[in-house]
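The block underneath contains the structure these notes are about, expressed in C-alpha cells.
Values quoted throughout were computed directly from the atomic coordinates according to the rules given, and no laboratory measurement underlies them. Here the structure is a predicted model, which means the values were calculated and not measured. Cβ: placed from backbone, ideal geometry, glycine included. Neighbour counts: every protein chain shown.
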Amino acid sequence: MEKMPKWADVILTPLISLLLAAAISALVILAIGESPWLALKTMIEGSLGSSYGWGFTLYYTTNFIFTGLAVMVAYHASLFNIGGEGQAAMGGLGVALVLLYLPLPHWLIALPVAMIGAAAFGAAWAFIPAWLQAKRGSHIVITTIMFNFIAAAALNYVLVNVLRPVGSMDPASARFPESTHLPSLSDMALAFGMEWGKNTPVNVTFFVAIGACLLVWLLIWRTRLGYEIRAFGKSEPGALYAGISPVRITIIAMLISGGLAGLMAINNVMGEAERLVLNAVEGAGFIGIAVALMGRNHPLGVFLAALLFGFLYQGGGELALWTSIPRELIVVIQALVILFTGALDNMVRMPLERLFLSMRKRGGA
Amino acid sequence: MDFATIIQILDSAVRLMTPLLLACLAGLYSERSGVFDIGLEGKMLMAAFTAASVAYVTGSAWLGLMAGIAGSLALSLIHGLASITFRGNQLISGVAINFLASGLTVLLGQKIFGLGGRTPALEGNARFGEITLPFADALRDVPVIGPIYAELISGHTILVYLAFAMVPLTWWVLNRTRFGLRLRAVGENPASVDTAGVSVTRLRYAAIAICGILCGIAGAYLATALSAGFVKEMTAGRGFIALAALIFAKWRPWSALGATFLFGLLEAIANRYPNLDLGIITIPSMFMNALPYILTVIILAGFVGRAIPPRAGGEPYVKER
C-alpha cells in the first residue's frame, strides 16, 4: 500500500523541505543582524522585478538546467555524479577548441558544432569514472570528485600554456570569432520591436535547455534505454536478470550525464564570455545536485528548481550589491536545500507519512 | 640539490601533511564504522574559522582549538543526524556540509570582523608556537643527524606531534581494544554487532564524534599554526586530498601516515619548484597539484593493489522488525 498519495510525495515533501531551508536561512539572516524580509524583497526586485533582472535569472537558470539534468540522468541509474563541475569545465574546453580552430561562418552552424564539442568533451570526462565504476568497481563518487580537481588542473595548464594568446597575461583563451556570436534574448526581442533585457547574458541556449528537458523526459520515460536505466537504478540484480548489461547502462548513463553537463558550456562560454576563462563554471556543477534533488529527478522539477536557483543566484548578487549580506548566503541556502531535500528527506517524509496514514484510517473507519 | 635543501623540503612536507594526516585519520574512524564522509573538507573549514575567531578574540590558541573542535563537531552531528538517525544518503549529506561550511564561514566572518570573510591576523599566544625539542640547539652542528634533529624533528607546533602520535594510537584503538573491534565490525556487518547486543547507532555516533574532533584539530592547525588567521576557502581541497589519502592507505592508520606524507611532499615540492625541471621534461606545478588525485584514481582502479572499502560503508543500518 502506498503510504502517501503521489501528489504529496511529488509536491508536498519538496515544498516543506524548501520552507524549512527558507526558515533556517531567515534565522541565519537574523543572526547576522539583517532583516530577512528586506533581503527577500531585495532579491525579488533584483531578479524578477525588471527585464534586466530576468535576463540574468534566466541565464543562470539555463546553466542549472543542464547540470541538474546531468545529475538527474545519472541518478536514475543510481549513480551519484558529483563530477558535473569538471565535466562542464571540460565542455568549455571543447567549445573553445571548436570555435577557435574550425571556420564557422554563422552561429546557426556554429551552435550545433559547438554543442557536439561541448557534449563530447563533457562525456569523455565522465567516461573514465564510468568505465572504472563499471569494470573495476571504483566508487563513482570518489572518482568524479578526483576528476573535478584533475579537470581544474588540466584546464589551468591548457589556458596558461596553450590557449593563452601571445602577450596576454590573463589565463584565458583568445576571443571567439564574431561570426559565432549567439543571439541574446534581448537581440531577439528587438527583432520583434520589443525592448527587453538589454545587456543581459541570457541567449538562445535557454531554448536549447528547454529542448534538453523534453528530450531527457522522452529518454527516461519513453524509450527502451530509459527503461533500462531506470530498471538498473532500481535493482541491479533485477536488471541483470532481465538481460540488461550493468556495464553498458553505467557507461551510457554517465556519458549522457557528462554530455549534458558539458552542454552547459554553450551558455556560459560561447553565449556569455565568448572566450574560455579560468573557473568558468563557478560552481554550477554542484548546484546541479541541489537542482536535481529539489526537482525530484524529473525534467519539469529540474526546470522549476533551476529557475528557483537562478532566482537565488541573481538575487544573491543583488543582495551583495545593495545590503551588507555577502553573496555566500546563497551557498548556505544551497547547502540547506541539499540537506533537507536530499539527506534529511526522511525527517520530512516520516511525519507526513504518519499523518496521511492516520487520516486514511479515520476516513476508512 | 644539497642536503640542506632536502631537509627544508622534508620539513615543509611535515608541516603540510599534518592537516592531511589528521583529516585522514578522522575519515578513517568514520568510514571504518560504515559512515562515508565526504564532508571532511567542510568540517576542517568550519573548524579553521571558529578556531581563528576564538583565538583572535581571547588571544589563546588553546581556546581556539577547543572552539575549532566544537565547530567541527556541530557539523559532525548534522551528518550523524542525517545519515544515522534519519538514514539519509551519506554522500549527499557530506556535500551539503561542505557547502554549509563554505557559506557560513564567510557570512559569519563578514558579520563579526567585516574583512570580507577573513579574520584579523593572529599574533603571539593566539597562535601555536614552535616547540624546540631538548638539545636541538646543542646538536645542530653534528653532521647529518644534527640538522635532521634540529630542523626536521624539532621546531614544530604541538599539534604536529599530536597528529603523529595519533597514528599508533589509532592503530592500537582499532586493533587492540574492544571498541575498535566493534567499530570495525559495525563497518563490515552491522547486523552481527546488533545481534551481539551492541547499539549500532551509538557506535556510529561515537565514530563520527571522533571524526569531528580530529577534523577540528586539523582545521585549528590550519588557521592557528600553519597560517596566522582564517582566509576564505583556506582548506583549498585538503579535505578531498585527505579522502584520497584514506583510499590510498586502504583505510589503515600506518598506511595513512605514508600516504599523507607522500601527498604533503608533493605539495612541498610543487610550492618550492613551480616548474620542476627534470632535464628531459619540465613538469608544471599544475601536474604536481593534480598528482594526488591522479594517483588515487589509479589506486581505485585497482591496477596497483586493490582498495576495498568497508563492506557496509554508505549503507544506513535498518533494524529488521
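Taking beta carbons within 10 Å but only from partner chains, what does the mean come to for residues B:104-116? If you can, show how the numbers build up before the last one.
Numbers: counts 8, 3, 6, 11, 6, 2, 6, 8, 1, 0, 1, 0, 1.
That average works out to 4.
Between residue B:276 and residues 5 or more places away or on another chain, which pairs have amide H atoms under 5 Å apart, with H built 1.01 Å from N, and which residues are they?
B:283, B:285
Give me a single rounded figure for A:339-351: the average over its residues of other chain Cβ atoms within 10 Å of their Cβ.
So the per-residue partner count for this stretch is 6.
Out of the GluC sites (Glu not before Pro) in the stretch A:1-70, which ones are loop residues according to DSSP with at most 11 other C-beta atoms within 10 Å?
Passing sites in the stretch A:1-70 are A:2.
For chain A, return all DSSP H helices satisfying: extent of Cα atoms along own axis at least 30 Å; mean Kyte-Doolittle hydropathy at least 0.5. Provide the component values of the computation, followed by the final result.
Numbers: long enough: A:51-76 (36 Å, 0.65); A:107-131 (34 Å, 1.69); A:299-322 (34 Å, 1.32).
Helix filter hits for chain A: A:51-76, A:107-131, A:299-322.
What are the ³J(HN,Hα) values, in whole Hz, obtained from phi via the Karplus relation 6.51 cos²θ - 1.76 cosθ + 1.60 with θ = phi - 60°, for each residue of the stretch B:239-252 in sequence order, with x given for Gly and Pro?
Coupling constants for the stretch B:239-252: x, 7, 5, 4, 4, 4, 4, 4, 5, 4, 8, 6, 6, 10 Hz.
How big is the equivalent ellipsoid of chain A along its three axes, where each semi-axis is √(5λ) from the Cα gyration tensor, reported in whole Å from largest to smallest?
Rounded to whole Å, the semi-axes are 34, 28, 19.
List the lysines whose alpha-carbon lies under 16 Å from that of residue A:3, not counting same-chain residues fewer than 8 positions away?
List returned: A:361.
Springs between alpha-carbon pairs under 10 angstrom, Gaussian network model over chain A: which of A:242, A:305, A:88 fluctuates most?
A:242
For a test of the definition: using alpha carbon positions, the gyration tensor, and the 1.5 limit on a/c, classify the stretch B:1-100 as rounded, prolate or oblate.
Oblate shape, in that a/c is at least 1.5 and b/c is the bigger or equal ratio.
I'm checking a number: the convex hull volume of the Cα atoms of the stretch B:3-238, normalised per residue, in Å³. What is it?
130
Find the Rg to Rh ratio for the protein assembly as shown, where Rh is the Kirkwood radius over alpha-carbon pairs and Rg uses the same atoms.
0.97
Over chain A, with a Gaussian network built from C-alpha contacts below 10 Å, which listed residue (A:61, A:223, A:250) shows the highest mean-square fluctuation?
Highest fluctuation of the listed residues: A:223.
If you place +1 on the Cβ of every Lys and Arg, -1 on the Cβ of every Asp and Glu, and leave all else neutral, what size is the dipole of chain B about its Cα centre, to the nearest 20 Debye? Display every interim value, and only then the final one.
Working: 23 positive and 17 negative charges, 239 e Å.
In total the dipole reaches around 1140 debye.
Compute log10 of I(q)/I(0) for the stretch B:54-112 with the Debye formula, placing one identical point scatterer on every Cα and leaving out solvent, at q = 0.12, 0.14, 0.20, 0.28 Å⁻¹, to two decimals.
One equal scatterer on each Cα of the stretch B:54-112 leads to -0.37, -0.49, -0.82, -1.09.
Per the Cauchy relation, a quarter of the hull surface: what is the mean projected area of the convex hull of the alpha carbons in the stretch A:177-257, in nm²?
8.0
For peptide A:318-329, how many partner chain Cβ atoms fall within 10 Å of a residue's Cβ, on average?
The shielding value for this peptide is 3.
For residue B:156, what residues show an amide H to amide H distance below 5 Å, using hydrogens built from the backbone and excluding near sequence neighbours?
Under 5 Å from the amide H of residue B:156 lie the amide H atoms of B:131, each far enough along the sequence or on another chain.
Rounded to whole Hz and in sequence order, give me ³J(HN,Hα) for the stretch B:175-191 from the Karplus expression 6.51 cos²θ - 1.76 cosθ + 1.60, θ = phi - 60°, writing x for Gly and Pro.
Working through the residues one at a time gives 9, 10, 10, 5, 4, x, 4, 5, 4, 5, 5, 6, x, 9, 8, x, 4 Hz.
Provide the packing ranking of B:268-281, B:154-167, B:47-60, i.e. peptides ordered by the mean count of other C-beta atoms within 10 Å per residue, highest first. Each step should come with its number before you reach the end.
Values: B:268-281: 12.6, B:154-167: 18.7, B:47-60: 26.1.
The packing order, highest mean first, is B:47-60, B:154-167, B:268-281.
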